[in-house]
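Below: the structure, in structure tokens.
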Amino acid sequence: MDEIALINSAQKGDLDSFNTLILHYQDSVFNTALRILGDDDQAQDATQEAFISAFQSIKSFRGGSFKAWLMRTVTNACYDELRRQKRKPTIPLEPETNDGDEIDSPKWLADKNMTPAQKAEADELEHAIQHCLDDLPNEFRTVVVLADIQGMDYSEVAIASKVPLGTIKSRLARARLRLRECLRSFEELLPASFRLHTEKAK
């Protein structure tokens, strides 16, 4: 994907080019909204609002990380929704289907190749991580979602969050510390790579 060419075309009003960009980032944007808001319908609404806002304001993009610019748009949409709801964001530990039936694991963990035992372990791990994420303040949760779940670097997170780089590093360090403390009681569920990652955050 020639991202720069697509951005230039989108800035000239080419909807097809913009849609190509969106198709590339839509999963990351939706998952970010879902992690922050904790509600599938609200995450879909925030994602749609973010994409509409991004298309309307894409002419203001002046280079750099397009992903960070796009994540700032969806983060703003999520915070607008939180202000409207005036509630603490949570992730449903037992998501529901469209019919209201409870399902065993979130769709972002779905893996048809999992054995029943592996699926059970994945469910328990997801519950543990979400439980600890839910207890974080909004600004801490946001940097963890962007940096550790979406894999953005610190400078991109700073752009997306509209706060200085030093603040991002401080929030992320404090967020990881709180997550590590919370996850200690679930340590047997964590993969070795995750335990090593949290240890390095000390």
So for the range 60-76 (the condition being out of contact with any Leu (no Cβ under 8 Å at 6 or more places or on another chain), over 22 Å from Tyr154 (Cα atoms) and not hydroxyl-bearing (Ser, Thr, Tyr)), does at least one residue qualify?
no
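Among the listed residues Lys169, Lys162, identify the single one that is modelled with pLDDT of 80 or more, on the phi > 0 side of the Ramachandran plot and surrounded by fewer than 19 Cβ atoms within 10 Å (Cβ to Cβ).
Numbers: Lys169 fails: on the phi > 0 side of the Ramachandran plot.
Unique residue meeting the criteria: Lys162.
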Considering the range 126-159 alone, what residues qualify as being surrounded by fewer than 18 Cβ atoms within 10 Å (Cβ to Cβ) and either among the hydrophobic types (A, V, I, L, M, F, W, C) or in a loop (DSSP other than H, G, I, E, B) (or both)?
Asp135, Pro137, Ile149, Gly151, Asp153
The residue that is surrounded by the most Cβ atoms within 10 Å (Cβ to Cβ), considering only those in the range 22-59 that are of a type in the set (A, V, I, L, M, F, W, C) and in contact (Cβ under 8 Å) with a residue 40 or more places away in the chain, is Ala33
Within the range 8-21, the residues that are assigned to a helix (DSSP H, G or I) and surrounded by fewer than 18 Cβ atoms within 10 Å (Cβ to Cβ) are Asn8, Ser9, Gln11, Leu15, Asp16, Asn19, Thr20
Checked the range 34-50 for anything in a helix (DSSP H, G or I) and of a type outside the set (Gly, Ala, Ser); matches are Leu34, Arg35, Ile36, Leu37, Asp40, Asp41, Gln42, Gln44, Asp45, Thr47, Gln48, Glu49
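Let's see how each residue does on (1) within 13 Å of Asn31 (Cα to Cα); (2) modelled with pLDDT of 70 or more:
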| site | (1), (2) |
| --- | --- |
| Ala110 | no, no |
| Met114 | no, no |
| Ala120 | no, yes |
| Glu126 | no, yes |
| Ile129 | no, yes |
| Cys132 | no, yes |
| Asn138 | no, yes |
| Thr142 | yes, yes |
| Val145 | yes, yes |
Restricting attention to the range 172-199, and to residues there that are among the aliphatic types (A, V, I, L, M) and modelled with pLDDT of 85 or more, which single residue is surrounded by the most Cβ atoms within 10 Å (Cβ to Cβ)?
Ala175
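The values are calculated or read from the model by the stated rules, or taken from the named source; none is laboratory data. Remember, predicted model here, so these are calculated numbers, not experimental data. Because the Cβ atoms are built from the backbone with ideal geometry, glycine has one as well, and the counts that use them run over all protein chains shown.
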